[in-house]
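Contents: one structure, followed by commentary.
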Amino acid sequence: MAASSVNIVIGGEAGQGLVTVGEFLARALARAGYALVVTQDYQSRIRGGHNTFAIRVDAKGVLAPTDSIDLLVALSADTLAIHKDRLTPRALVLADAAAGLDGLPGLAIPYKDLCPKPLYENMAALGVLGALLCLDPAWITGLVREKFARKGEDVVAANLAVFAAAMDWTASQQAAFACLAPPTHQGKRLLLHGNEAIALGALAAGINFCSFYPMTPGTSVVQTVIDHADALGVVVEQAEDEIAAVIMALGAAYAGGRALVSTSGGGFALMVEGVSLSGMLETPVVIVVAQRPGPATGLPTRTEQADLDLVLYAGHGEFPRAIFAPGDLSQCFQLAHRAVSTAEQFQSPVFILTDQFLADSFRDTEPFALAELPPVPRPLTAVADVGGYERYAVTPSGVSPRLVPGFAATTVVLDSDEHTPDGHLTEDLGVRVVMQDKRMRKLGGMMQAALPPDLYGEAAGTMLLTCWGSTLGAALEAAQMLRERGEPASVLHFSQVYPLVPDTFVPLLAAARRTVMVEGNFGGQLAKLIRRETGHVFDAHVARYDGLPFTAGFIVDKLLEVAR
Amino acid sequence: MSAATPYGEFETAWCPGCGNFSIRKAVVAALTELKLPPHKVVFSSGIGQAAKAPHYIRVNVFNGLHGRSLPAATGIKLANPDLTVFAESGDGCSYGEGGNHFLAAIRRNIDLTYIVHDNLIYGLTKGQASPTTPLGQKTKTQPHGAPSQPFNPLAVAVTMGAGFVARGFAGDIEHLAGLIAAAVSHPGFALIDVLQPCVSFNKVNTYAWYKERCYRLGNDHDPADRRAALEKALEWGEKIPIGILWKSDRPPFGPTPKAPLATAEPNMAVLRDILESYA
């Protein structure tokens with residue numbers, strides 16, 4: 001699979017349209033039936049700088065981004081200098097003829113001749129790429145028609161003319177680049193990024209309230225909700241700060257809304273008091289934390305997996321919580337639905353830990369099966385015994401009947417102070433123990449419902465690459481590379497990182513020949529959590545914290561370094 | 001059988017003589033006058049002695065965190081516009097920790113009534129300066145006198161064109177009850193800053209001090225006149241006006257959902273079409 005894939009990197013300044021080219025090409029490839037993973041690298045600025053939009057495409061399947069480049073589209077002169085060391089032996093560079101190829105193999109594209117206006121350079125680049133990849137032009141022309149239909153037939157025709165001219169010009173150059181093999185996927189595919197999949201999964205679970213304060217890369221979850229809010233009847237409010245966002249969500253949840261907030265590490269740091277409040281009020285909220293490198297403002301547009309500790313320990317006092325960490329698009333959708341369901345069932349804060357890489361990573365996927373989603377528990381709008389209703393009734397499961405105020409002729413009282421079963425504040429220390437025991441009993445239910453880690457391959461006698469969240473694809477590809485080198489290797493992936501159920505994975509770790517934790521942070525946060533909960537000490541660690549996502553090459557190189 | 005007082009009688013944790021008792025009486029009188037059933041009324045509060053007030057009235061209560069009564073109340077109102085929503089807390093909670101939320105609530109003009117128990121001091125934490133403590137007033141933690149200019153919530157609210165701005169006095173329950181009822185009836189954000197002695201920690205602004213100074217605004221004050229409202233908001237010292245200083249005809253925050261979110265189901269047919277659009 002690795003050898004057959006083509007890695008296309010489009011580089012240029014912010015504002016030059018590289019995302020337009022990238023998204024057009026990615027969508028056309030997905031519609032044609034190809035598998036792909038997109039990685040976006042951008043700087044914290046609106047114009048200028050140097051950004052890339054990388055598409056790794058394959059006829060069969062693709063798991064992760066890769067470091068080497070087969071087609072480099074240089075929209076700025078910097079692109080060549082920055083990326084020429086990553087070109088493969090078969091690589092071609094596509095640069096503006098006006099700037100030249102700097103002696104590299106490739107095509108100097110006469111944008112000036114092909115385009116009546118610089119505005120059309122994106123279409124010319126698409127034409128060249130489409131021709132080199134031998135992509136049926138209909139996939140791109142169809143998209144162009146859809147995208148520009150609103151702007152009128154003249155605009156559509158002008159864009160298509162440039163696209164056709166660029167394809168013809170490329171054919172005349174007889175550039176040697178192997179065509180993509182015919183795609184293997186049949187039927188309709190979707191193309192979306194991780195945060196879109198999270199938002200859609202949450203919407204499928206009936207999320208109807210969303211409050212937020214904008215922060216990259218968490219915002220695109222809310223943006224997706226906003227895009228569909230009118231159609232689905234979702235109330236969205238941009239709060240004055242993250243504290244307000246999470247407290248507003250809790251107010252809405254108390255009044256019967258299904259609430260989601262989305263942020264990143266720095267914003268989540270402000271939300272922490274709301275997390276503790278959710279635990280005490282036993283009012284559900286789903287919080288998406290899209291990780292980026294810290295501390296403080298860190299690298300605002302790059303990726304990391306270093307907020308597990310923050311989310312795990314966020315909030316003073318002790319209360320149950322669940323933390324999901326999707327590894328791919330399908331998990332983004334499914335786990336977002338599950339997070340909403342878990343929050344509603346256990347009346348607790350529930351987290352989705354994603355990161356910039358997954359957030360911005362467009363991938364192809366089969367359509368999600370809406371009909372197969374389980375029902376989501378909902379709060380009560382009526383109770384049998386109106387006079388005897390107690391919001392915090394003590395139950396064996398710890399879960400109390402959650403009545404929404406305003407429907408039944410009784411009141412619903414929540415208190416952030418320790419409270420009696422009917423919700424009123426108390427300083428009776430005996431009641432405190434009863435209520436704390438009740439709340440913490442919910443953790444038992446969460447453990448019963450917890451997802452075990454997924455084992456890819458055999459654990460016994462292998463090098464077991466253990467990971468969580470978005471590292472899944474790179475770890476799977478690294479294990480395959482290791483096997484090809486004669487090293488038996490498998491992957492253990494945690495898509496839920498809390499609560500952990502040791503029985504579901506300790507025997508696997510024990511059976512492995514060598515256990516390696518691969519995670520995108522300096523300190524080995526999941527490794528330490530597993531050590532604390534099970535005593536297992538990993539034999540080796542592969543850490544990445546330079547702001548870039550894992551690739552199989554990075555993992556294998558680090559393992560070889562460790563072995564040396 | 002309907003209860004003699006549907007809003008209940010409760011034991012409180014307040015100091016004898018506290019202004020909170022009078023404010024509670026005024027709130028109950030307003031709810032009674034408006035004939036609001038307890039289960040249709042929600043109080044959101046923060047932290048402090050004032051924030052305990054909703055516990056001593058039979059209504060729905062969201063007693064949350066310090067400074068956060070307004071975001072919670074906003075979420076409640078947005079999730080179910082059929083509820084009559086109040087936020088209630090002290091001056092420290094409302095204007096200190098909750099200052100940003102106060103500004104945002106005015107800007108949104110969210111339809112709720114904000115009752116601030118303003119005793120110009122932190123009571124529950126035993127006597128530190130609050131955002132409304134007069135400049136130079138000595139406290140245990142400001143032994144050289146409060147060093148900062150006091151916050152003027154009424155002037156800020158009038159300047160920003162809040163929906164409804166009033167000042168009440170805990171020593172004039174009947175008047176205060178009328179203000180609360182008027183505030184509830186106003187569509188949009190309604191602030192009632194209630195002057196209230198702290199019998200334990202504020203030895204300057206006592207009942208006698210207020211009684212000597214507070215006067216009810218008469219019919220000659222036009223609450224639609226913003227300049228006059230600002231003048232009244234700035235009047236403090238020998239004479240302190242109480243009553244409705246300002247009322248605007250700004251539309252309340254919207255759009256709000258047509259039905260409570262609790263009864264909404266996701267439209268899977270619409271969602272299916274949305275998913276298709278990602279092809």
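Points to keep in mind about this one:
- Each residue, A:Gln174 and B:Lys126, gets one label point 7 Å from its Cα in the Cβ direction; the gap between the two is 9.4 nm.
- Anisotropy class of region A:1-41 from Cα gyration tensor, a/c 1.5 cut: oblate
- DSSP beta bridges in the protein assembly as shown [antiparallel fraction, %, rounded to 5]: 30 percent
- A full extension of the chain between A:Glu146 and A:Ser330 corresponds to an added length of 63.6 nm, given 0.36 nm per residue minus the alpha carbon distance.
- The mean number of partner chain beta-carbon atoms within 10 angstrom of a residue's beta-carbon across peptide A:412-422 is 4.
- Computed from the Cβ-Cβ distance with R0 of 22 Å, the FRET efficiency linking A:Asp503 to A:Leu455 stands at 0.95.
- Between the residues B:Tyr210, B:Ser200, B:Ile240, the greatest Cα displacement towards the positive end of the dipole of region B:191-246, with unit charges on the Cβ of Lys, Arg, Asp and Glu, is found for B:Ser200.
- For chain A, the longest principal axis of the Cα atoms and the long axis of helix A:153-173 meet at an angle of about 60 degrees.
- Placing +1 on each Lys and Arg Cβ and -1 on each Asp and Glu Cβ, with no other charges, gives the protein assembly as shown a dipole about its Cα centre of roughly 760 debye.
- Computed from Cα atoms, the angle from the helix A:525-534 axis to the main principal axis of chain A rounds to 40 degrees.
- Using only side-chain charges placed at the Cβ, +1 for Lys and Arg and -1 for Asp and Glu, the dipole size of chain B relative to its Cα centre rounds to 420 debye.
- Among B:Ile110, B:Ile240, A:Ile287, the ranking by other beta carbons within 10 Å of each residue's beta carbon, starting with the fewest, stands as B:Ile240, B:Ile110, A:Ile287.
- Which of A:Ala98, A:Leu18, A:Phe351, positive extreme of dipole for chain A (C-beta unit charges): A:Ala98
- Counting neighbouring Cβ atoms within 10 Å and putting the fewest first, the residues A:His228, A:His337 line up as A:His228, A:His337.
- Note on B:Val270 and A:Asp428: with the Förster distance fixed at 56 Å, the Cβ-Cβ geometry gives a FRET efficiency of about 0.70.
- On Cα atoms only, tilt of A:472-484 relative to the major axis of chain A in degrees: 60 degrees
- Net length gained if the chain between B:Glu9 and B:His144 were fully extended (0.36 nm per residue, minus Cα distance): 44.4 nm
- Partnerless cysteines, meaning none of the other Cys C-beta atoms lie under 4.7 Å away, in chain A: A:Cys115, A:Cys210, A:Cys332, A:Cys467
- Region A:1-127 - percent relative contact order, Cα under 8 Å, separation 6 or more: 26 percent
- Long-range amide H partners of A:Ile109 with built H, under 5 Å: A:Ala95, A:Asp96, A:Ala97
- Which of B:Glu88, A:Glu242, A:Glu344 has the fewest Cβ neighbours within 10 Å, and the rest in rising order: A:Glu344, A:Glu242, B:Glu88
- Relative contact order computed over region A:335-417 (Cα-Cα under 8 Å; 6+ residues apart), in percent: 25 percent
- Percentage relative contact order, chain A, counting C-alpha pairs under 8 Å, at least six apart: 12 percent
- Of all beta bridges that DSSP places with both ends in region A:204-306, some 0 percent have antiparallel geometry.
Readers should treat all values here as calculations from the given coordinates under stated rules, not as data from a laboratory. Fair warning: this is a prediction, and the values are worked out from it, not measured in the lab. Note that we place each Cβ from the backbone using ideal geometry, even for glycine, and neighbour counts take in every protein chain shown.
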